[in-house]
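Read through the structure below, which is laid out as structure tokens, and then see the notes.
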Amino acid sequence: MKLIEKIYPDKKLKITYKSLEELEQDRAQHLHDKDPSQLWLAFMDLWNATGASSVPMNKVEEQRKKYFPDIHFSNIEEFITTAEKANHII
């Protein structure tokens, strides 16, 4: 969030907070939608809030070296900078 504000100071981002109960209600509400995009967002919110989407960085680094030795993994700042230089819209 702070990085995005640093790169795009004119963007005003809003942080919202929901309880786990509210996040679960969001998931349940969209469970049978024809368009699954809101369900996917609800799942991601739940995973992020519960820590299910996080992985130990030491394990990440270990697997990057083992399985992807010749690949550079960009952080979000590098990704945005590269996209801007290539005139891609973010």
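Matching residues to (1) exposed (fewer than 13 other Cβ atoms within 10 Å of the Cβ); (2) at pLDDT 95 or above:
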residue: 5; (1), (2): yes, no
residue: 28; (1), (2): yes, yes
residue: 39; (1), (2): no, yes
residue: 67; (1), (2): yes, yes
residue: 78; (1), (2): yes, no
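In the stretch 47-61, the residues that are closer than 16 Å to residue 27 by Cβ reach residues that are among the hydrophobic types (A, V, I, L, M, F, W, C) and at pLDDT 90 or above with C-beta atoms within less than 7 angstrom, at least six apart or across chains, in these pairs: 49/20; 49/23; 53/47. On inspection, residue 86 does not qualify as among the aliphatic types (A, V, I, L, M) and surrounded by 10 or more Cβ atoms within 10 Å (Cβ to Cβ).
The values are calculated or read from the model by the stated rules, or taken from the named source; none is laboratory data. Given the structure is predicted, the values throughout are model-derived calculations rather than measurements. Please note: Cβ atoms are built from the backbone with ideal geometry, for glycine as well, and neighbour counts cover all protein chains shown.
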